[in-house]
Amino acid sequence: MYNKHNIYLDNSATSYPKPKEVVDAISQFLTQCSSNPARGVYQSALDASLMQLESRNLIKLRYNAKDFKNVIFTSGITHSLNQLIFGSLKENDHVLISPFEHNSVVRALELNKINYSILEQKDGITIFSSAKEMLCSKTKALILTHASNVFGLIQPIDDAKQFCKENNIMLFIDSAQSSPIVNLDMEGITAIAFTAHKGFLGPMGIGGFVSDDSNFLLNLRPLIAGGTGSKSAYLSMPKILPDYLEAGTQNLVGIAGFNASLKYWNKNSVKLIENYKNRISQLIEGLLAINKIEVYGDKDISKRTGAISFNFKNEDPSIIAMKLNDNNIELRVGLHCAPLAHVAMNTYPLGTLRLSPGVFTTKEEIEYTLNILENL
C-alpha cells in the first residue's frame, strides 16, 4: 500500500524509518499479547502490565525523575500539554510563554480562556530580562519549548528554572523537538511533556508527561474520566497514580513500540547522535554555500537541533517545496503549526522551508538534496 523510495527530511514532524526492533515489538504485542494491564490476572494481562511498568521506568530514568508512578501516558505531546494546561489552570489565570510555542500550547490557552504574555527573544533565543515586568498576581506558570520546531534553536532551560524558582511559578517543558537528543533533567521543572514518534523513533499516538510532584499530579483536573482497572467501586477517579490520569484503555500497542525504541536508544545513542550531528553540519554548510538561500537561526550545532528553516530569497517557499517533491525530496513548508515563531523571526506569513534530517539520514541523501537546491 505504501511505497517509500523518496528522501525523507521531515524528521521534526515524525521520525522515519523506525528501527526494526520497534516494528517487531509492535507486531509481537499484537500477535502474542493484546491484553489490558490491571484488568485481568491471566498471564498475558500480567505481561502487558510488566511491559507498561518497564516503560514507565525507562522514561523515569531518561529524565532523572524520582518515581515511575509519576509517568503518565497520553496519546501524545498535544494531549499532554492540554492536560497540564486544562488540569492546573483556570479561566483568567495568566501564564508566560516563549515566542516559539507550538499551537498545542497557544490554542489550549485560547480554548481555556487563559491569559498569556509572550516573552522577548533575541536571535531566536528566549530572554528573561523583561519577564518580571510581565508577572502579575494571577501568573501561575511558564510554558517553554525546549527547542523550536521551526528554527531548531535550543532554549535556555536553566534560565527558565531559575526564573520560576525565584517567582514561585510552575514550569512546563515541551520536549517534542529535543528528546532524547538533548539531555533534559527533571530537577527544577514541574512537568515535562514528551512524545514517542519524533526523536525517540517510536510509533505515533503515544506520549505522556512526567513530574516529581505527586501532589501536583493528584490535584490536576483530569481531561477524561473512566475505568482504570483499580478501585472500581469508586464513582470518582481514584486518587492513585498513574490511574488518576489514565482513564480508559491505554495505547498498549504504542507503549510496546515506545518501550522498544527507548531500549534501542539506550543501546545505540552514541552512534545515532554522531550521525545526526554530522548530517546537520553537512546540511547547514551546504545551504550556506548557496547564494540565494537564507538560513535562519544560529548555525552552531551545539546550540540547535536538526530542524533547519530556510528560504530562497524573493521566492514563495511553497513553490520551492513542490519542486523539491518533484525531485523526490520530502520536507515541511509553511508555518509549521507555530505562527508566533514566524512572527518573532520575520518569516510570517509565508513561513519557511524546513529540512530536518534524522539519525538514519545518509551523507548521500544530503548531497543529493543540496545538489537539487543548487540547481533550483
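Per-structure values
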| quantity | calculated |
| --- | --- |
| In segment 244-272, residue surrounded by the fewest Cβ atoms within 10 Å (Cβ to Cβ) [restricted to those that are out of contact with any Asp or Glu (no Cβ under 8 Å at 6 or more places or on another chain) and among the basic types (Lys, Arg)] | LYS271 |
| Matching entry among LEU50, LEU81 (being farther than 16 Å from ASP174 by Cα and assigned to a helix (DSSP H, G or I)) | LEU50 |
| Number of positions in segment 174-218 that are assigned to a loop (DSSP other than H, G, I, E, B) and either closer than 29 Å to LEU355 by Cβ or among the hydroxyl-bearing types (Ser, Thr, Tyr) (or both) | 23 |
| Those residues of segment 234-246 which are part of a loop (DSSP other than H, G, I, E, B) and either touching a Ser or Thr at 6+ places or on another chain (Cβ under 6 Å) or closer than 15 Å to ALA38 by Cα (or both), in sequence order | PRO238, ILE240, LEU241, PRO242, GLU246 |
| Unmet criterion (only one of (1) under 22 Å from the mean Cα position of the chain (by Cα); (2) crowded, with 18+ Cβ neighbours inside 10 Å; (3) in a helix (DSSP H, G or I); (4) not assigned by TED's automatic domain parsing to the domain that holds PHE209) for GLY297 | (3) |
| Residues (more than 20 Å from the chain's Cα centre (by Cα), among the hydrophobic types (A, V, I, L, M, F, W, C) and either within 16 Å of VAL295 (Cβ to Cβ) or not assigned by TED's automatic domain parsing to the domain that holds GLU364 (or both)) located in segment 325-349 | MET345 |
| Meets criteria (in contact with a helix residue (DSSP H, G or I) (Cβ under 7 Å, 6 or more places away or on another chain) and either under 30 Å from SER44 (Cα atoms) or part of a helix (DSSP H, G or I) (or both)) for ASN259 | yes |
| Verdict on TYR368 being assigned by TED's automatic domain parsing to the domain that holds ARG279, in contact with a helix residue (DSSP H, G or I) (Cβ under 7 Å, 6 or more places away or on another chain), touching a residue at least 12 places away in the same chain (Cβ under 8 Å) and of a type in the set (Ser, Thr, Tyr) | no |
| Qualifying position, being among the basic types (Lys, Arg) and either within 19 Å of the chain's Cα centre (by Cα) or surrounded by fewer than 15 Cβ atoms within 10 Å (Cβ to Cβ) (or both), among ARG56, ARG39 | ARG56 |
| Filter pass, LEU235 being at pLDDT 95 or above and either on the phi < 0 side of the Ramachandran plot or in contact with a Lys or Arg (Cβ under 7 Å, 6 or more places away or on another chain) (or both) | no |
| Filter result (surrounded by 24 or more Cβ atoms within 10 Å (Cβ to Cβ) and among the polar types (S, T, N, Q)) within segment 179-201 | SER179, THR195 |
| Which listed residue is touching a His at 6+ places or on another chain (Cβ under 8 Å) and either more than 26 Å from ASN112 (Cβ to Cβ) or in the same structural domain as SER104 (by TED's automatic domain parsing) (or both), from PRO180, PRO203, PRO222 | PRO203 |
| Residue list for segment 77-103, filter: surrounded by fewer than 24 Cβ atoms within 10 Å (Cβ to Cβ) and either hydroxyl-bearing (Ser, Thr, Tyr) or on the phi > 0 side of the Ramachandran plot (or both) | THR78, SER88, ASN92 |
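The values are calculated or read from the model by the stated rules, or taken from the named source; none is laboratory data. This is a predicted model, so every value here is computed, not measured. Here Cβ is always computed from backbone atoms with ideal geometry, including for glycine, and neighbour counts include all displayed protein chains.
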